[in-house]
Amino acid sequence: MITGYDPAKKTLTMGIGNLLNFGWLPDSLVPSDNPLNIHARQRVHSAFQRSMVKNGWQKEISVSLDLDIMSIRFRIRGRLDLILESDDSVELLEIKTMDGKPDFTDPIRSRTNNALQLYFYAKALSSERGISPDSISSSLVFLSMETDEPEAHYFTVDLSDDELEKSWLDLLAGVAEYLEDEDIRKNNQVSALHGFRFPYDSLRPGQQEMLSDVGNCIDNKGYLLLQAPTGTGKTAAVLTGAIQESLHRRITLFFLTAKNTHKLIVLETLRIIIDKGVPLRGIFITAKSQICHRGRSRCFPDDCPYAMDFREKIHGSGVMKELLDLQVIGPEVLKARAKHTGVCAFELGLCLAMQCDIVICDYNYVFDPHVFLKRFFLERNTSEMCCLLIDEAANLPSRARDYYSPEIKLSWIGELLEDGRCPMKRRKLLRPWINVFGECRTLLENAGEDEIELSPDTEIPVYTDRWIRHISELRDPPEPLRELFKAIIDFSKISGVSDSRYHLLFRCENGDHILQWFCTDPSEFLCERLESCHSSIAFSATLTPFDHFGYLLGFPDENKTVSREISWPFPRENLGVWISPEIDTKYKSRRESAAHLTYRISEIYSAMPGTWLVFFPSYAYLELIAVHLKEIDIPLLVQTPGMSSEERAGFIERIESENQLVLTVSGGVFSEGIDLSSENLLGAIIVGPSLPGMNLRMKLLSKSYTRRGRDAFIHTWAIPGMVRVIQAAGRLIRNRIERKALVLIGRRFTKYPYLGLLPEHWFRDGSIQLLSGGVSRIADFVKTGKAARRHRPDSSSKYLESIE
C-alpha cells in the first residue's frame, strides 16, 4: 500500500515522518521503551515546547519541499517542532523523548532518521524563504524521562555533513525506484484483467449479479449488503468482482472471515485466479499465538530470539522477496520461512501485508480497538485505501459487542499483588479494586445469580492519571498489568458518562470474578471504521431482514446502502422441506415431549438409513435426546462441548465416511462454514428454532431494541434463532445435482414470526408440507434422490468440481 501517490501524475505527496518510515522495518521487536506511556511522552513534549515559546521560539511551523527524483515528483510536507528566527540566522530544534539518557554522541550515525528530519526542515525553509543554508543551524534535543523533571540533552546536527546528504538522496532514490517498480507491477495487473472474466469456466445462477453489485459498490465508494444462499459461490463472485475494480484503483482488499476454513478457500480461489494470468499477491494473517515459533499464547519479546535483529535478518536473507514471489502466502509457508530466517512470523506477515493486494484475516484485525492493524487503519489516508469484504457478516455484531465491552478480572489483580516485587505504589492503586470486587461479590452472592447488573453510578477507582504516571515509569510492565491498564483506560472512557448502550455487570466465570462494561449496541463504532474505508461489502447466506443487520453492522441508511438478495440457484425440487408440528420444543415442554421427539427422529432414520444431521438448540437438549436414542439400535455420532481442532476434524471425517445420526448444536462449529462431501448424507432434522437463552445480557439487548422502537422479541430472539436454523440447513445442498430432505420439528415453525423468517425457496407453491402420520413421503423423496445419484453421468463430477 502506498498512500499519497498519484500514478497518473507520478507524484508522491507525503509527510516527512511517513517518508522516513517508507518500507521501514524495526531494528528489533524488543521495545526500546514502554509502549504504554505515550500519554506521558506527549505531555513532556508539549511542556518543553511551551517553555521554549516563552523564550521567543515559535512552534509547529508548517514547511514543504517539492523535488524530482528519477521519474517521480516528490511533494514533502512537515511541521517544525521549534524555530527561532533573527535578522541573519535561523535556528531549528527537533524534540524527541526517551526513557534513559542518550548513549551516543553522533546523531547522524546513531539516530539517522531524526537527523534526516532536521535536514528536510532546513532544505524546505531554504527553498521556501530563500534562506542560505549556511545561515541555518539545527539541533536535536532528547528529553530523558527517567527523572520527574525531564533532563534535556542537546546535539548539534551538521547540515553540511556528506553522509547526511548521501542518506537523504539514497532515501529518495530508494522510494522512487520502488514506486517505478510498483507502477510496472500494477500496470501488468490491469492489463491481465482484460483477458480475465471469472476463475471458473462457467458462472452459477446469481454470480453475475454479485459480480456487478460488488463492482458497482467499489466504483461508487459505497456500501453493499448481499445475501446469497449457501452453495451460490459467494466467495468466488465477491472476490472476483472486487479484484476487477480494486486493482486499477490500487486499493487493498481485506477479506474478513472468522473461520480458517473460509480463509483457506479464499487462498485457493486466489491461486486459481493467478493461474488464469492475473498476477496477484495475497496473504493469510492468522493469530499471533497460532503462528508463534515458541508456542506461546502471550508475546514476550524481551526473551525471544525471533524478536532480535529483525531488520538485519530480513534484509540479509531476502525472505520478503522470496515470499512475495510466491504470490499467495499461507500460514504454513510463512511460519516455515520466518523460522528459517530467525524472525517472528506474525510481524513478518504484517510487513508483507503492506505489499499485498489482498489480506485475508479475522474481523478483529479491522474492528477490535486493541488489535486492529494500525499500519492500515490508524490514519484516514491509509484506511481510505482499503475495501472491506465481510464474510458471514451476520456473525460480526456479536463479536463487536465483545470488542467494545471492556472487562477487569480479579485474577489480574491477584497475580500482581502476589508478586513479591510489586512496589508499594502499585499496591496502593490496586487496593481500591480489591474493595470494589469484595462489595460486588457480596451483591452477587445475595442475588443468587450468575451475573448481576450494578448501578451505573457505582464508584470505579480508575485513577487514570495515577496509573499513567506509574506505567510510564516501567520499561516492560508485566502482562497482567498491561491488560489491567488497557482495561482501566477503556473504563475511564465509559465510567461517569451517561450512555444507554453500556451496562455495568459483574459475574463469576470459571472461578474468576469479572467486572465489565457490557455494550449492547456497538454499531456506531463499526460505522466509524466503515466510513473511514474506501468501500464495504457484507455478505452472508443470512442477512435478512436487511434493516436488522444493516443497523447492527453500522451500515448507513438505505439511501447510501444497496441491499441485494440473490435467489436460490438450484432446482427447488431438489430440497424437500417438511414441518413436524405436533411436538412442542419449547424449553418448559422438552422433557415431557422427549419420548415423542425420539420416536420421530428414529422413525425417519429407520425408514431411510444413511447419514442424517440432527441440530438441537442446546447441548442440554441434545444430551437429553441422546440418552433416549442410545436405548435404540441406531448408530450415533454426538458432538461434545469444547472439542479441539483435531477432534472436530475427526468428527467431520466420521460424518463423511459412516452412516449414522449425527447429533450436533445449531449455531455451533458444525452448523456453519463447513462443506460435507458424504454421498450418504440424506438430509437434516432441525429441532425447534434455536433461540438465544434468556439471561441478563439478552434482556439488556431486548431493552435496547425497545428504546429504538423495535419489536424486542423478534430482534433479540426470533431473528438470531432462525438465522441458526437457516445456517444449519445450508449444510445440505451445494450444487444443482444434490437432492436432500429437511425436516423442521416443532409447532413454532408454523407460527408467527418464525414462519415468516423462513427462506422463500423452502416453500413449494406458497406453502411448506406438514408431516402428519408417517414419514413415507420423505422416504419416497429420498429414494428418488438416491436413484438420481445412481444414474448420474460420469462427467457430472468434473462439472461439480468446475463450479465449486
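The values are calculated or read from the model by the stated rules, or taken from the named source; none is laboratory data. Values in this document were obtained by computation on a predicted structure and should not be read as measured data. With ideal geometry, Cβ positions are generated from the backbone for all residues, glycine too; neighbour counts draw on all protein chains shown. These area figures cover heavy atoms from the full protein model, side chains too; ligands, DNA and RNA do not enter into them. Shrake-Rupley method; radii C 1.70, N 1.55, O 1.52, S 1.80 Å.
From the alpha carbon centroid of the range 542-556 to that of the range 165-190 is 43 Å. Neighbours of Lys263 by Cβ distance under 12 Å: Lys/Arg scored +1, Asp/Glu scored -1, total -3. Take the range 228-376 with all the other protein chains still there, run a 1.4 Å probe, and you get 37 Å² of accessible area per residue. Dipole check for the chain: with +1 at the C-beta of Lys and Arg, -1 at the C-beta of Asp and Glu, and the Cα centre as origin, the magnitude is about 2600 Debye. Between the range 664-692 and the range 200-260, what is the separation of their alpha carbon centroids in Å? After rounding, the separation between the Cα centres reads 26 Å. Per residue, the range 56-194 exposes an accessible area of 50 Å² to a 1.4 Å probe, with every protein chain left in place. If r is the Cβ-Cβ distance from Glu646 to Arg375 and R0 is 56 Å, what FRET efficiency results, to the nearest 0.05? For R0 = 56 Å, the calculated efficiency reads 0.95. Solvent-accessible area of the chain (1.4 angstrom probe, protein heavy atoms only): carbon and sulfur portion equals 48 percent. Once you divide the Cα radius of gyration of the range 472-531 by 2.2 N^0.38 Å, the number left is 1.41. In terms of packing, defined here as the mean over residues of other Cβ atoms within 10 angstrom, the peptides 381-390, 311-320, 744-753 line up highest first as 381-390, 744-753, 311-320.
When the pairs Lys560/Lys751; Lys259/Lys339; Lys234/Lys703; Lys263/Lys321; Lys186/Lys321 are compared against a 27 Å limit on Cα-Cα distance, Lys560/Lys751; Lys234/Lys703 fall above it.
The slack between Thr784 and Glu128, meaning 0.36 nm per residue of separation minus the straight C-alpha distance, is 227.8 nm. Taking each DSSP H run with n ≥ 4 as -39500 (n - 2.57) and averaging over every residue of the chain yields -13000 deg cm²/dmol at 222 nm. Across the cross-link table entries Lys221/Lys276; Lys101/Lys335; Lys59/Lys221; Lys54/Lys493; Lys288/Lys313, which are compared at the Cα atoms, the separations over 30 Å belong to Lys101/Lys335; Lys59/Lys221; Lys54/Lys493.
Protein heavy-atom accessible surface, 1.4 Å probe, per residue over the range 466-623: 40 Å².
The trypsin sites (Lys or Arg not before Pro) found in the range 315-422 that occupy coil by DSSP, while having at most 11 further C-beta atoms within 10 Å, are Arg421.
Taken about its Cα centre, the range 647-787 carries a charge dipole of roughly 720 debye when the Cβ of each Lys and Arg holds +1 and the Cβ of each Asp and Glu holds -1. Of the GluC sites (Glu not before Pro) found in the range 632-717, those that fall in a DSSP loop while having at most 13 other beta-carbon atoms within 10 Å are Glu658, Glu679. Per residue, the convex hull spanned by the alpha carbons of the chain comes to 191 Å³.
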